[in-house]
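The values are calculated or read from the model by the stated rules, or taken from the named source; none is laboratory data. Everything numeric here is computed off the predicted structure, so don't read it as measured data. Every residue, glycine among them, receives a Cβ derived from its backbone with ideal geometry; neighbour counts consider all protein chains shown.
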Amino acid sequence: MEQILEVKDLEVKFALRFGDLTAINGISFTLNKGERLGIVGESGAGKSVTGFSIINLISKPGYISSGSILFEGKDLAGMSGDAMRTIRGNRISMIFQDPMMTLNPVLSIGTQMVETLKAHRNISKEDAEAIALEKLRKVHISSPEQRLKQYPHEFSGGMRQRIVIAIAMLSDPSLMIADEPTTALDVTIQAEIMDLLLELCETERMGLILITHDLAVVSQVTEKIAVMYAGKIVEIGSTESIVNNPGHPYTRGLIDALPESMKRGKRLNQITGMMPTLTNIPKGCAFHPRCYNMEDRCKEESPCLVSSDRGNTQVACYKPHMQDD
Amino acid sequence: MIDKAGILKVDNLVKHFDISGGLLEQLTFDQGRIRRKEVVVKAVNNVSFTIYPGEIFSVVGESGCGKSTLARTCIGLYPPNSGEVYYRGERIDNLSARKMLPFRSKMQMIFQDPYASLNPRMAVRQTLEEPVRFHKKNISDSEIKDRVAEVMLQVGVDPLWADRYPHEFSGGQRQRISIARALMVDPEFIIADEPISALDVSIQAQILNLLMDAREERGLTYMIITHDLSVVAHVSSRVAVMYLGNLCELATAEMVFESPGHPYTRALFSAIPKIGRKKADHIQIKGEVPTPINLPTGCVFHGRCIYAEDRCRNEIPALTEADTGSLIACHGIEEGRL
């Protein structure tokens, strides 16, 4: 398999008055061409910062303090702004949660699409419009010729997200980063958008990094899952092994807390406590105060990701959950 | 007839919002004449149901279907345009503010966003004391203090933190505090409008457990408004499915999940993402939700329904009991062709 992205020991810090806060604490993962990876975690786990740092959109006071992001052979960490612009929105595109915020309300859809294409290549307006039409058809928007003249407010939330996806697809990127793309949408629309993303990944051989808090959504769309907690990847591996046989107590807790895993009307399995804020991440394993399987060592040393004997996963835990019988 | 056993009974409730603005905004020029045009959002249309004591009654539907408006109209935050609301057999929708008072302490509401529903300038103690002082005038200061401590313990917030302000708490803890505020006046019936949507996954389970524990300890009845269908499946006894301001199905949680009747319910529940289920094999609904300003004639769902026939386009279906015992508003089900 051809590898398109390799993130290695990435560390992102935010420089604040009282010192640096570490938002991403040494994460590594790879993505092959056409592969789909899900990054799961709660708010503050660092999943969005990971997405932003790949396309170098971390703004001050945040900065990439160490590590590398190799994309198609080039290191994106520390790349100049001009060089980055040839990649961002062109080879890697990103879509966000709220499509109303990402579209410009005072420009028609057509103008926004042509503008994007012109920014990346020398192209006539007619050719750009032809490409725009083709992409709108790809995301299943009916009568695209008329839609080009319409403005964002004339579309529903689901349609807007389709348009955002069409814009992201304009220059056939090899990687799309989707940050909570369906969180603002209803379930029926969410299902449609996820179908669309899956279809595009398969037909266009496009890589996808899906950032979300919803394990159920991720498990339907991706081949690999990385679970993040307090700035670190605590478990990474094939979707199937993570969903069916999670190793890290946190992953286990997230899956067990889903209502569907429980008998109706019974108390849900809950993870006690809450995620630490970046200012006071506990010593040792960041999850130890909430962990049911904790031992003395967890309070002192921070575990690294190691391949587990349970198949295609790596788990950062001294006492991973035992295989279910 | 008034069903005495019901804790809350809603009868043909209608709530419309006039959004046409001032007189000048209403005037339009049409074929050489000036006309006055009113624009009305038909948020809730002819909704009837009864909630029985001890139930967890969930109202589900997509955004804009009128579920929050229904909740607010039930508890008296909005006056209905027509229809009646009964609390334990007494009509409450037309009461004056003063006559409504005793009912307000029996019915409480929990809102979605704990960042917006707590007053940032009041310490937790003040927030919790205020409803008690207002509703129970003859209660002593020491009793109030005891009650604050007791309720805070029950919702899992350390009573030592009573003098802190909302910004010092996390989202989950704030939601615990707003639940505590609702419990302070010993209510019988709580309406929770999206109580866990603003919270993180691991915290959602904590809050749901808290709501269920409180129900067991205090014998509460809940009406829960939510769009999170997997939560509904887990906690509710009965589920009402709304579409475009109308009730399209009312059934037990088991029935809604295992054999949904109404075509909309079928599509809605097939779209729930389930962990481990690989290919998305959900039912697609064609088109988009119409606006509640111009409601479709007949069944509100007919434009998007693959089973729609002439009757569906012209005649509004009523909630009828199907063979399965579920109440379904669908001509197709009634005629037995679905």
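What number of residues within region A:137-167 are under 17 Å from A:M206 (Cβ atoms) and out of contact with any strand residue (DSSP E or B) (no Cβ under 7 Å at 6 or more places or on another chain)? Residues that pass the stated criteria total 8. Among the residues of region A:1-14, the one identified as farther than 17 Å from A:L57 by Cβ, part of a strand (DSSP E or B) and among the hydrophobic types (A, V, I, L, M, F, W, C) is A:I4.
If we scan region A:251-263, do we find a residue that is within 30 Å of B:E216 (Cβ to Cβ), out of contact with any Ser or Thr (no Cβ under 6 Å at 6 or more places or on another chain), without any contact (Cβ under 8 Å) to a residue 12 or more places away in the chain and assigned to a loop (DSSP other than H, G, I, E, B)? Yes, because at least one residue in region A:251-263 is within 30 Å of B:E216 (Cβ to Cβ), out of contact with any Ser or Thr (no Cβ under 6 Å at 6 or more places or on another chain), without any contact (Cβ under 8 Å) to a residue 12 or more places away in the chain and assigned to a loop (DSSP other than H, G, I, E, B). Taken over region B:288-309, the criterion of being out of contact with any Pro (no Cβ under 9 Å at 6 or more places or on another chain), away from chain A (no Cβ under 14 Å) and not hydroxyl-bearing (S, T, Y) is satisfied by B:I293, B:N294, B:L295, B:E309.
For region A:295-314, the count of residues that are over 30 Å from B:E216 (Cα atoms), modelled with pLDDT of 90 or more and in contact with a Leu (Cβ under 9 Å, 6 or more places away or on another chain) is nonzero.
Restricting attention to region B:176-223, the residues being among the acidic types (D, E) and farther than 23 Å from A:D256 by Cα number 4. From the list A:L215, A:L198, the lone residue that is more than 30 Å from A:P282 (Cβ to Cβ), in contact with a helix residue (DSSP H, G or I) (Cβ under 9 Å, 6 or more places away or on another chain) and not small (G, A, S) is A:L198. Got a number for residues in region B:152-176 being in contact (Cβ under 8 Å) with a residue 40 or more places away in the chain and among the β-branched types (V, I, T)? Qualifying residue count, region B:152-176: 1. Scanning region A:107-143 for residues that are farther than 18 Å from A:D172 by Cβ, part of a helix (DSSP H, G or I) and small (G, A, S) gives a single hit, A:G110. Among the residues of region A:206-227, those identified as in contact with a Lys or Arg (Cβ under 7 Å, 6 or more places away or on another chain), of a type in the set (A, V, I, L, M, F, W, C) and more than 13 Å from chain B (Cβ to nearest Cβ) are A:L208, A:I211. Restricted to region A:19-59, and to residues there that are more than 17 Å from the chain's Cα centre (by Cα) and either without any contact (Cβ under 8 Å) to a residue 24 or more places away in the chain or closer than 20 Å to A:I87 by Cβ (or both), the residue that is farthest from the other protein chains (Cβ to nearest Cβ) is A:S59.
Scanning region A:164-202 for residues that are hydroxyl-bearing (S, T, Y) and within 17 Å of A:I141 (Cα to Cα) returns a single hit, A:T188. Would you check if B:L160 is within 14 Å of chain A (Cβ to nearest Cβ) and part of a helix (DSSP H, G or I)? Here the answer is no, as B:L160 does not meet what is asked. Can you find even one residue in region B:73-86 that is more than 25 Å from B:T265 (Cβ to Cβ), in contact with a helix residue (DSSP H, G or I) (Cβ under 7 Å, 6 or more places away or on another chain) and of a type in the set (F, W, Y)? So far as region B:73-86 goes, yes, one or more of its residues are more than 25 Å from B:T265 (Cβ to Cβ), in contact with a helix residue (DSSP H, G or I) (Cβ under 7 Å, 6 or more places away or on another chain) and of a type in the set (F, W, Y). For B:N314, the requirement of being over 21 Å from the mean Cα position of the chain (by Cα), more than 9 Å from chain A (Cβ to nearest Cβ) and modelled with pLDDT under 90 is not met. Given the structure, is B:A329 touching a residue at least 40 places away in the same chain (Cβ under 8 Å), more than 10 Å from chain A (Cβ to nearest Cβ) and either under 24 Å from the mean Cα position of the chain (by Cα) or under 30 Å from A:L254 (Cα atoms) (or both)? Yes. When residues in region A:120-149 are screened for being away from every other protein chain (no Cβ under 14 Å) and closer than 20 Å to B:P290 by Cβ, 1 of them pass. Picking from residues in region B:45-67 that are within 13 Å of the chain's Cα centre (by Cα) and surrounded by fewer than 22 Cβ atoms within 10 Å (Cβ to Cβ), the one that is farthest from B:D213 (Cα to Cα) is B:G64. Only residues in region B:257-277 that are within 13 Å of B:A240 (Cα to Cα) count as the first member; pair them with residues that are crowded, with 17+ Cβ neighbours inside 10 Å and of a type in the set (G, A, S), Cβ under 6 angstrom, at least 6 apart or cross-chain, and list the lot. Filtered contacts from region B:257-277: B:F257/B:A233; B:G261/B:A322; B:G261/B:S326.
Please verify whether A:M100 is at pLDDT below 90, more than 30 Å from A:P152 (Cβ to Cβ) and outside any strand (DSSP E or B), treating the condition exactly as stated.
Working: at pLDDT below 90: yes; more than 30 Å from A:P152 (Cβ to Cβ): no; outside any strand (DSSP E or B): yes.
Spelling it out, it is not the case that A:M100 is at pLDDT below 90, more than 30 Å from A:P152 (Cβ to Cβ) and outside any strand (DSSP E or B).
Scanning region A:156-205 for residues that are more than 14 Å from chain B (Cβ to nearest Cβ), under 18 Å from the mean Cα position of the chain (by Cα) and of a type outside the set (A, V, I, L, M) turns up A:P173, A:S174, A:D179, A:R205.
Those helices (runs of 4 or more DSSP H) of region B:2-109 in which 2 or more residues are out of contact with any strand residue (DSSP E or B) (no Cβ under 8 Å at 6 or more places or on another chain) and charged (D, E, K, R) occupy B:97-106.
Of all the numbered requirements in (1) more than 9 Å from chain B (Cβ to nearest Cβ); (2) at pLDDT below 85; (3) closer than 29 Å to A:R36 by Cα, A:F287 misses one, and that requirement is (2).
Taking region A:144-237 as the region of interest, the strands (runs of 3 or more DSSP E) fully inside it that hold 2 or more residues being in contact with a Leu (Cβ under 6 Å, 6 or more places away or on another chain) are A:175-179, A:207-212. If you go through region B:177-213 and keep only what is in contact (Cβ under 8 Å) with a residue 24 or more places away in the chain, touching a His at 6+ places or on another chain (Cβ under 8 Å) and either hydroxyl-bearing (S, T, Y) or at the interface with another protein chain (Cβ under 9 Å from one of its Cβ atoms) (or both), you end up with B:S197, B:D200, B:L208.
So for region A:266-283 (the condition being of a type in the set (A, V, I, L, M, F, W, C), away from every other protein chain (no Cβ under 11 Å) and part of a loop (DSSP other than H, G, I, E, B)), does at least one residue qualify?
Within region A:266-283, one or more residues are of a type in the set (A, V, I, L, M, F, W, C), away from every other protein chain (no Cβ under 11 Å) and part of a loop (DSSP other than H, G, I, E, B).
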